[in-house]
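Notes follow the structure.
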Amino acid sequence: MNKILIIDDDMDMCLLLERFFTRNQFEVKITHSGKKGLEELERNPPDAILCDFRLGDTDGKELLIQIKQLNPEVPVIIITGYSEIKMAVEVMKHGAFDYVTKPLFPEEILITIKSAIALSSADSSSQITANGTLQSKKYIPGIRKEYKNAQYIFGDSKEFKDILRQMDLVAPTNYSVIISGESGSGKEAIAQEIHARSKRGTAPFIAIDCGALSKELAASELFGHEKGSFTGALNQKIGSLELANGGTVFLDEIANLSYDVQVSLLRVVQERKLRRVGGNKDIDLDIRIIVASNEQLWDAAKIGRFREDLYYRFNEFSINVPPLRQRREDILTFAHFFLDKSNSELEKQVKGFSAEVEEIFKYYKWPGNLRELKNVVKRSALLADGDIIDVKALPFELANHQRLEFDSLTEDENKTQPDDTPGWKAPYLNGIHMPDSSFPSLTTDEPGKLNKYTLKTVSIDAEYEMIVEALKKANFNKSKAAKLLNVDRKTLYNKMKQYNQFNEQ
């Protein structure tokens, strides 16, 4: 029976999750603080951890780092609010297996937990023989995946076609490549495709998440170590660079490596040789190195966070991956691709998206890029009642994003287009979409006050309540209320005039 550790200070939620997972044949342990969770992890290691991002004594990022130091192999799924999607992307860089957003849907979490445990179980089945060769290897700690000739769908936008041309140019060579782009934008898939198109395509492709490697373990994971080389080194370990021999190694979030490890890596790049920690002989390497970062490595080098000489060694060729919001033509292509994968995984037959959902997808900012889009589609497919995903199946904050990026607008009436979308004109603000739940109709302290209005839809009702609430929180300061609502002040004024409810303050 697989064991799950739940770390969450919401006792009611913990109770519901415990009952659900127990019914699904899991052994469940619950703690309500990060400190207690770490103690339980040391005492009774679980097969997977489900952890809330916000805890009373710590936050998810800090706790994740501590968990990975204690047990790098255990998969961690983070629970987060949808409005905290940027934070969720951040924890993915530090080694989280995945994240799920509130409100929680147990079936969605169950699928994620099972996937995490299945991958972890397959990974742990690898063994290294006495002579140092790999046997039935699928994974080692610190290495995310190994691919061989994997397939991936690419977008139709001009930006992505330019990337494809660059990939065609560099793939047949042995050049090192730097891939830059925001988290979740598809950097690893591009590295994987470069490998598949190269002469090394049938050799190993090993992806290493440098952001998930602690400073103490990074050298061992990358270069390997000899038995007895440090406390806890009970056996010889083959490092990931050595395991990639003959193929391609992908170093994701390369800027997170410590300075000392960068020095050792420079020697590998220059001489194509490595020495295991505690070893006394050099090992020849024949590897291609592709690195990725969500920041510009040159900027990191200028401020001393990354070695300039290492940057120049890697920068034989570079590819910049634009965020999803800058290649909106690709959004629906990827959405349908992820829907096909979700149908297969969930055993459903959802055919597509409503026109309204497609419009929301096209104009949402997607801070988590493809990773966020994939999670939204998977979640929506799970919740879809029929064969079309409509707006009610979307996460609340996404459904109410108002189809434009208001935070890029100014008070100037002539500046009506969001960033990254030249020539686009904002549609008029639409109503708020509520999830499937009932809520009371509007009330007021003044009897008959609402008789002026015709509330034709629930969405208008909900929109009105949200504006009232924002104004109260902002002490009826319209500029502050507009910021709370994530709209510009002019839009708020128009809505207030529409309701004819408030006097000018």
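The values are calculated or read from the model by the stated rules, or taken from the named source; none is laboratory data. Source: prediction; values computed, not measured. Neighbour counts run over all protein chains shown; Cβ positions are idealised from the backbone, glycine included.
Among the residues of the range 275-295, the ones that are loosely packed, with under 15 Cβ neighbours inside 10 Å and of a type outside the set (D, E, K, R) come to 1 in all.
Scanning the range 265-287 for residues that are polar (S, T, N, Q) and closer than 22 Å to ASP309 by Cβ yields a count of 1.
For GLU221, state whether it is acidic (Asp, Glu), crowded, with 17+ Cβ neighbours inside 10 Å and over 28 Å from the mean Cα position of the chain (by Cα).
Values: acidic (Asp, Glu): yes; crowded, with 17+ Cβ neighbours inside 10 Å: yes; over 28 Å from the mean Cα position of the chain (by Cα): no.
In short, no.
Pick from the range 307-363 the residues that are of a type in the set (Ser, Thr, Tyr) and surrounded by fewer than 19 Cβ atoms within 10 Å (Cβ to Cβ): which of them is nearest to SER157 (Cα to Cα)?
Among those residues, the one meeting the criterion is THR333.
Of the residues making up the range 62-83, just one is farther than 18 Å from PRO46 by Cβ and of a type in the set (Asp, Glu), namely GLU62. Only one of the numbered conditions (1) surrounded by 18 or more Cβ atoms within 10 Å (Cβ to Cβ); (2) in a helix (DSSP H, G or I) is not met by ILE178, and that is (2).
A search for C-beta distances below 8 Å between a residue of the range 92-109 that is in the same structural domain as LEU63 (by TED's automatic domain parsing) and any residue that is in a strand (DSSP E or B) and among the charged types (D, E, K, R), counting only pairs 6+ apart in sequence or on different chains, returns MET92/ASP98; LYS93/ASP209; GLY95/ASP209.
With the requirement that a residue be in a loop (DSSP other than H, G, I, E, B) and either without any contact (Cβ under 8 Å) to a residue 40 or more places away in the chain or of a type in the set (D, E, K, R) (or both), what does the range 200-234 give you?
Going residue by residue through the range 200-234, those that are in a loop (DSSP other than H, G, I, E, B) are 200-204, 213-214, 226-234.
Result: ARG200, GLU226, LYS227, THR231, GLY232, LEU234.
Test GLU253 against the criterion of being closer than 20 Å to HIS225 by Cβ, modelled with pLDDT under 95 and either surrounded by 19 or more Cβ atoms within 10 Å (Cβ to Cβ) or not assigned by TED's automatic domain parsing to the domain that holds GLU221 (or both), and give yes or no. So GLU253 does not fit the description; no. In the set (1) out of contact with any strand residue (DSSP E or B) (no Cβ under 6 Å at 6 or more places or on another chain); (2) modelled with pLDDT under 90; (3) outside any loop (DSSP other than H, G, I, E, B), GLU73 fails one condition alone, (3).
Kindly provide the set of residues from the range 243-271 that are part of a loop (DSSP other than H, G, I, E, B) and touching a strand residue (DSSP E or B) at 6+ places or on another chain (Cβ under 7 Å), ordered by number. Scanning the range 243-271 gives ALA244, GLY247, GLU253.
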